[in-house]
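**Q** Before we start, here is the structure in question, set down as structure tokens.
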Amino acid sequence: MAGKAPESDPVQDAPEVSGPKHSAVGLPAITNALRISRQQMGVKRTALTLLRVNQKEGFDCPGCAWPDPDHRHAAEFCENGAKAVAEEATLRRVTPDFFAAHSVADLAGRSGYWLGQQGRLTQPMYLAEGATHYAPVPWERAFDIVAEELTGLSSPDEAVFYTSGRTSNEAAFLYQLFAREYGTNNLPDCSNMCHESSGSALTETIGIGKGSVSLEDLYKADLIIVAGQNPGTNHPRQLSALEKAKANGAKIISVNPLPEAGLERFKNPQTPRGLAGGGTSLTDLFLQIRLGGDQALFRALNHLLLQTDGALDEDFIREHTHGFEEFAAAAGDGLDWDETLRATGLTRAEIDEALRMVLASKRTIVCWAMGLTQHKHSVPTIREVVNFLLLRGNIGRPGAGVCPVRGHSNVQGDRTMGIFERPAPAFLDALEKEFGFAPPREHGYDVVRAIRALRDGQAKVFFAMGGNFVSATPDTEVTEAAVRRANLTVHVSTKLNRSHAVTGARALILPTLGRTEKDLQSSGEQFVTVEDSMGMVHASRGRLEPASPHLLSEPAIVCRLARKVLGEDSRIPWEEFEKDYATIRDRIARVVPGFEDFNARVASPDGFALPHAPRDDRSFPTATGKANFTAAPVEFPAAPEGRLLLQTLRSHDQYNTTIYGLDDRYRGIKNGRRVVLVHPEDARALGLADGAYTDLVSEWTDGSERRAPGFRVVHYPTARGCAAAYYPETNVLIPLDHTADTSNTPASKSVVVRLEPTGL
Ligand SMILES: Nc1nc2c(c(=O)[nH]1)N[C@H]1C(S)=C(S)[C@@H](COP(=O)(O)OP(=O)(O)OC[C@H]3O[C@@H](n4cnc5c(=O)[nH]c(N)nc54)[C@H](O)[C@@H]3O)O[C@H]1N2
Ligand SMILES: Nc1nc2c(c(=O)[nH]1)N[C@H]1C(S)=C(S)[C@@H](COP(=O)(O)OP(=O)(O)OC[C@H]3O[C@@H](n4cnc5c(=O)[nH]c(N)nc54)[C@H](O)[C@@H]3O)O[C@H]1N2
Ligand SMILES: [Mo]
């Protein structure tokens, strides 16, 4: 029934298991999307809302960052996009009465699923020091409280301003401007936990931390390697692009420890064949790699390419690259095949087959996501992918390139707008020139460093523009204790989540508009803009009436807060910005390269493409002025005898920490989330029957242990020695210091665990 949330927390842990599926989408995807949408929104609103997703006059889907094709279907959404929309456009409401009925301690005892199911936040709420319940607070008073705390700090660096990647370009630009005029670069964001490793590796090697391909390139590729990504669940519209590429003759190699249904076979719901027929088989070669074995795999391919006559694009290497000799010396001679096969879990024949496909392809693209970015050696792994593409000149020409597939719908745009704890000096110079204040130059805290600073009492105010910090971050117990030490925690949010229940001495919840909603300011109705995973910028306009008359937009919240905190001293026209977002875009146009004439260009329904030097003209804005080969030693994680390597990943019914439902349809799991997928032979060796219950115990180098109790063992065809369980439940297992070198991203895809039968 629409509008009604569950009263009690449902039993989450009665998982029913039926084995993995071998195809994705098709009719069940539509039925499931409509069922969840109707539960949240009712029938009429479901129809009205879903027809607006990703249309040229509509709003950008708050799901993933996959780009929209030029020729859009009437319903350009996918099952999981529909769920993201339903979650936001729900008719359920969290009112002051709800907070009066539920103490913070009560909320802290609820599951993330239950919290999210309560509906949209409707009024600003304040938790006074020592209070047991949140109480309604007028907006002005809420801003005064934040201003009081921020102006009372002994240094602006005692404040942390987190962002999750749904924030629009306009709001993000204002938010970083406010933080920097206030005086800090402490702007950690979800990207620190996500594609930071891609950004680090790509900036160093090709000079820009973004992907180099467009959708058209995918359609033209001969070979697409999808490594460490589960598009069937996390980027379902990517399957349509892969299907089209295949129809044009492309081959696909999937590199994954799990046989993911979406990559096996796609039943396109937009075509009769997809709905009623067998669908399209996508993967031509499945490489069932061990967790963290990708660097070794790409190194082996590179070694073989270096040994094959005529395999290299020598002109490209000579004209456009740097460091080839050194790389060839490291990768060309002697490869330790025993080590390669151990690291990858593959056979020599499988690697040779992949090589044949690589040699047969003139245009190759590598797509990747969290399976490559969340390991200790993620940055060298992604550099090795770049080496692989450079060897055959697969960058900066049609049908070829790097394709890191972003997560949150505007995470890439937020970074472009300056949400970054280590801003480029040129960006700060441009801010200084445009606004006439001296931005701080010292680097700020990323996510992990922000947690340490809170833990150590060096950070005292935590402000979040969206997201669910305590659930998304590693080392849950450490992180929650760290956040509880803050003087004030503030969350600008659409929905209730655990971060509202784990608070500093005082706390505020500031409810905001979602993408789907009309944004009316005094100059009239506003739109915002976003940038997708392929560097396309376009407008997003909500149409629904806001969930409550008390909501403020994210730009309005930043403007009002900035005026309170910075007062008369501010040189920035905050009032004007709030009134008319076009005035924000005028400033972005003057500060951020590629946004010249922003207001005029974004008026085009298709939006516009941002410049990308390697893609546009094969120039590489790196330190050497060329694309850089890099030669790093091959690394891979190893689990000691009797232990497994655990990856923490998403089920089909969740959006990060937002749990839509309790099923993971493609993996054959229903009605529960506390499951651990283990290869049947590994499970037998550990004496664990399918259906047995086990605690997951992670073992850390300093001898400490962390425990996540009560997971149902599921015998599952994952790579040998590897296990998988859902995040955020498993974040408790990941030590804060277990991060990727260089990017400092929590290494959530390689955690050494012991499985201990529950109750022993
Ligand atoms: N519906 C939905 N959509 C989403 C999200 C969501 O939660 N729900 N989240 C969004 C966000 S923020 C992001 S970042 C993306 C995440 O998108 P994904 O990266 O697809 O998300 P994960 O579930 O973490 O899946 C990781 C995949 O990599 C594989 N993998 C794990 N370790 C390795 C490895 O060492 N090597 C290789 N080759 N493969 C490995 C796993 O088996 C799995 O298939 O999706 C975005 N879209
Ligand atoms: N173990 C493990 N940990 C991980 C990962 C993993 O694979 N394994 N993945 C990491 C990745 S890739 C990411 S991106 C992070 C995600 O980290 P976050 O981005 O912090 O987490 P989300 O769950 O996406 O945030 C959900 C909340 O955002 C708020 N929200 C939704 N829409 C809006 C909006 O329009 N405006 C505002 N202001 N708020 C809104 C809602 O209140 C909702 O509860 O988690 C990371 N953590
Ligand atoms: Mo992400």
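The values are calculated or read from the model by the stated rules, or taken from the named source; none is laboratory data. Remember, it's a predicted structure, so these values are computed and weren't measured experimentally. Because the Cβ atoms are built from the backbone with ideal geometry, glycine has one as well, and the counts that use them run over all protein chains shown. Only protein heavy atoms, including side chains, enter the accessible area calculation; ligands, DNA and RNA are left aside. Shrake-Rupley method; radii C 1.70, N 1.55, O 1.52, S 1.80 Å.
**Q** For the chain, which whole-number percentage of the solvent-accessible area (1.4 Å probe, protein heavy atoms only) is attributable to carbon and sulfur atoms?
**A** Carbon plus sulfur share of accessible area: 51 percent.
**Q** Between GLU148 and SER8, what is the spin-label point distance in nm, taking each point 7 Å from the Cα along the Cα→C-beta axis?
**A** Once both label points are built, they end up 4.1 nm from each other.
**Q** I want to check the label-to-label distance for THR347 and SER548. Put each point 7 Å from Cα in the C-beta direction and report it in nm to one decimal.
**A** The two pseudo-label positions are separated by 6.1 nm.
**Q** Checking the cross-link filter: which lysines have an alpha carbon closer than 25 Å to that of LYS210, excluding same-chain neighbours under 8 positions apart?
**A** Cross-link targets: LYS56, LYS220, LYS244, LYS246, LYS251, LYS362, LYS376, LYS626, LYS749.
**Q** With each pseudo-label sitting 7 Å past Cα toward Cβ, what's the TYR693-ALA101 distance in nm, one decimal?
**A** The modelled label-to-label distance comes out at 3.0 nm.
**Q** Ranking request for peptides 648-660, 475-487: highest mean number of other beta-carbon atoms within 10 Å first, then the rest in descending order. Intermediate values should be presented prior to the final figure.
**A** Numbers: 648-660: 22.6, 475-487: 19.5.
Final packing ranking: 648-660, 475-487.
**Q** Can I ask one more? Arranged from highest to lowest average of other beta-carbon atoms within 10 Å per residue, in what order do the peptides 377-390, 548-561 appear?
**A** Details: 377-390: 26.9, 548-561: 21.9.
Highest to lowest by the protection proxy: 377-390, 548-561.
**Q** Kindly report the accessible area of the chain per residue (heavy atoms of protein chains, probe 1.4 Å, no ligands, DNA or RNA), in Å².
**A** 34
**Q** For region 505-530 and region 396-439, what is the separation of their C-alpha centers, rounded to whole Å?
**A** Going from one Cα centre to the other spans 23 Å.
**Q** Then there's this: Give the residue from GLY668, THR745, ALA723 lying farthest towards the positive end of the charge dipole for region 644-757; charges sit on Cβ (+1 for Lys and Arg, -1 for Asp and Glu) and the dipole is referred to the Cα centre.
**A** Going by the Cα projections, it comes out as GLY668.
**Q** As I understand it, the dipole of region 16-88 uses +1 on the Cβ of Lys and Arg and -1 on the Cβ of Asp and Glu, about the Cα centre. Which of PHE59, PRO69, LEU34 lies farthest toward its positive end?
**A** Highest projection toward the positive end goes to LEU34.
**Q** Apply the membrane-span-like helix rule to the chain: whole DSSP H runs, Cα extent along the own long axis of at least 30 Å, mean Kyte-Doolittle hydropathy at least -0.5. List the helices found.
**A** Correct list, ordered by number: empty.
**Q** Ranked from the most accessible area to the least, with a 1.4 Å probe and all protein chains present, what is the order of PHE98, PHE462?
**A** On the way: PHE98 25, PHE462 5 Å².
Heavy-atom accessible area, descending, gives PHE98, PHE462.
**Q** Given the -39500 (n - 2.57) contribution per DSSP H run of 4+ residues, what per-residue ellipticity at 222 nm results for the chain, rounded to the nearest 500 deg cm²/dmol?
**A** It lands at -10000 deg cm²/dmol.
**Q** Report the charge-dipole magnitude of region 644-757 in Debye, nearest 20, computed about the Cα centre from +1 at each Lys and Arg Cβ and -1 at each Asp and Glu Cβ.
**A** 400
**Q** For the peptides 601-613, 219-231, 677-689, what is the packing order when you average, over each peptide's residues, the other Cβ atoms within 10 Å and list the highest mean first?
**A** 219-231, 677-689, 601-613
**Q** Let me ask another. Kindly point out, ordered by number, any Cys in the chain whose beta-carbon has no other cysteine beta-carbon under 4.7 Å away.
**A** Those would be CYS61, CYS64, CYS78, CYS190, CYS194, CYS559, CYS722, since no other cysteine Cβ in the chain comes under 4.7 Å of theirs.
**Q** Can you give the % of DSSP beta bridges in the chain that are antiparallel, to the nearest 5? All intermediate terms of the calculation are to be shown ahead of the outcome.
**A** Details: 41 of 93 bridges.
Counting DSSP beta bridges with both partners in the chain, the antiparallel share is about 45 percent.
**Q** What is the dipole size for region 16-88, taken about its Cα centre, with +1 at each Lys and Arg Cβ and -1 at each Asp and Glu Cβ, in debye to the nearest 20?
**A** For this selection, approximately 320 debye.
**Q** Given 0.36 nm per residue, what is the gain on full extension from ALA609 to THR31 after removing their alpha carbon distance, in nm?
**A** On the way: separation 578, 0.36 × 578 = 208.08 nm, distance 3.49 nm.
Length gained between ALA609 and THR31: 204.6 nm.
**Q** Assigning unit charges at the beta carbon (Lys, Arg +1; Asp, Glu -1) and nothing else, what dipole magnitude in debye, to the nearest 20, does the chain show about its Cα centre?
**A** Working: 82 positive and 95 negative charges, 419 e Å.
Value, rounded to 20: 2020 debye.
**Q** If you take the Cα Rg of region 132-273 and divide it by 2.2 N^0.38 Å, with N the number of residues, what do you get?
**A** Normalised Rg, Cα atoms only: 1.54.
**Q** Taking every DSSP beta bridge with both residues inside region 644-757, roughly what % is antiparallel (nearest 5)? Can you show the working numbers first?
**A** Numbers: 20 of 29 bridges.
Around 70 percent antiparallel, to the nearest 5.
**Q** Tell me, in nm to one decimal, what length is gained between SER155 and GLU16 on full extension, where the rule is 0.36 nm per residue of separation less the Cα-Cα distance?
**A** Between SER155 and GLU16, full extension yields 44.8 nm more.
**Q** Can you give the Rg/Rh ratio of the chain, where Rg is from the C-alpha atoms and Rh is the Kirkwood radius?
**A** Values: Rg = 24.8 Å, Rh = 26.3 Å.
When Rh is taken as the Kirkwood radius, the ratio is 0.94.
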